[in-house]
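The values are calculated or read from the model by the stated rules, or taken from the named source; none is laboratory data. The structure displayed is predicted, hence computed values, not measured ones. Glycine also receives a Cβ, built like all others from the backbone with ideal geometry; neighbour counts cover every protein chain displayed.
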Amino acid sequence: MSTDLFNLSGQIALVTGASRGIGEAIAKLLAEQGAHVIVSSRKIADCNRVSDEIQQAGGSAEAVACHIGNMDDITAIFEHINNQHGKLDILVNNAAANPYFGHILDMDLRAYEKTVEVNIRGYLFMSIEAGKMMRQQYGGVIVNTASVNGLQPGIGQGIYSITKAAVINMTKSFAKECAQFGIRCNAILPGLTKTKFAGALFDNEDIYNTWMERIPMGRHAEPEEMAGTVLYLVSDASSYTNGECIVVDGGLTL
């Protein structure tokens, strides 16, 4: 049920990587609070499922396919938003790529390119296009899904960790330069979260146990726990207008 504190009625929200996991949880929670959510991911069928479930629950949503590693897709989705809605209040950059799991010395060029195209270039230009719209309307919120790996590299996740470190600094850059336009830019840094995307960490017992040793609460997170943090950051309850707020998943000891 929507509350006044977190009421997003009348707001247009774009969530990337919203077809499953953390992105799906974020999209559904924003819709519950009254936002019209544009559910976006690479595959339209997966987006349609989430959009349909939001509508069946009484929310407002639409599905738009967008591969943020493809510059033409980025251009197309913002043309759609401008033509259909004329504004964008919330961007959640949640889509990510992690095609390589293994020793950093054995990574090939294609794995590097794919990870950087999505996790750095994609986030950057999604934020630029959203920021231009928000500057015109004077106001908006951008939230990036980074990772605790951006602070301390994950085992077998070298290039992914490098890109997530870039996302953290990217968030700070946008926050500092866009605050003058009423745009808030923040990041969440999930720790070990139970998603299909993180499947390799859960399937490897040694790596999973290593993570557990670093988490004082002794458990992994669920996607819905990340969604609540995003709701806070995009709502009026959060009013950062002159800097950045980096939110770290509370269970990790670095």
Fill in the blank from the handout: Tyr232 passes all but one of the listed conditions (1) of a type in the set (Phe, Trp, Tyr); (2) under 22 Å from Asn119 (Cβ atoms); (3) at pLDDT 60 or above; the exception is number (2)
Problem - region 78-115, subset of a type in the set (Lys, Arg) and under 22 Å from Asn144 (Cβ atoms), residue nearest to the chain's Cα centre (by Cα) - result: Lys114
Exercise for the section: Among residues belonging to region 33-52 that are assigned to a helix (DSSP H, G or I) and β-branched (Val, Ile, Thr), point out the one that is farthest from Ala187 (Cα to Cα). Expected result: Ile44
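Condition check ((1) assigned to a strand (DSSP E or B); (2) not acidic (Asp, Glu)) across all residues:
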residue: Ile54; (1), (2): no, yes
residue: Ala63; (1), (2): yes, yes
residue: Asp73; (1), (2): no, no
residue: Asn83; (1), (2): no, yes
residue: Leu91; (1), (2): yes, yes
Practice task
Among the numbered conditions (1) out of contact with any Gly (no Cβ under 6 Å at 6 or more places or on another chain); (2) closer than 19 Å to Thr145 by Cα; (3) outside any helix (DSSP H, G or I), tell me where Leu30 comes up short.
Solution key: (3)
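Hey, any hits in region 45-58 for a residue that's in contact with a Lys or Arg (Cβ under 8 Å, 6 or more places away or on another chain) and touching a residue at least 40 places away in the same chain (Cβ under 8 Å)?
no
For (1) β-branched (Val, Ile, Thr); (2) touching a strand residue (DSSP E or B) at 6+ places or on another chain (Cβ under 9 Å); (3) within 24 Å of Phe125 (Cβ to Cβ), each residue gets a yes or a no:
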site: Ala27; (1), (2), (3): no, yes, yes
site: Gln33; (1), (2), (3): no, no, no
site: Val39; (1), (2), (3): yes, yes, yes
site: Ile54; (1), (2), (3): yes, yes, no
site: Cys66; (1), (2), (3): no, yes, yes
site: Ile74; (1), (2), (3): yes, no, yes
site: Ala96; (1), (2), (3): no, yes, yes
Handout entry: The listed residue being crowded, with 24+ Cβ neighbours inside 10 Å and over 21 Å from Thr229 (Cβ atoms), out of Ser60, Ser51
Key = Ser51
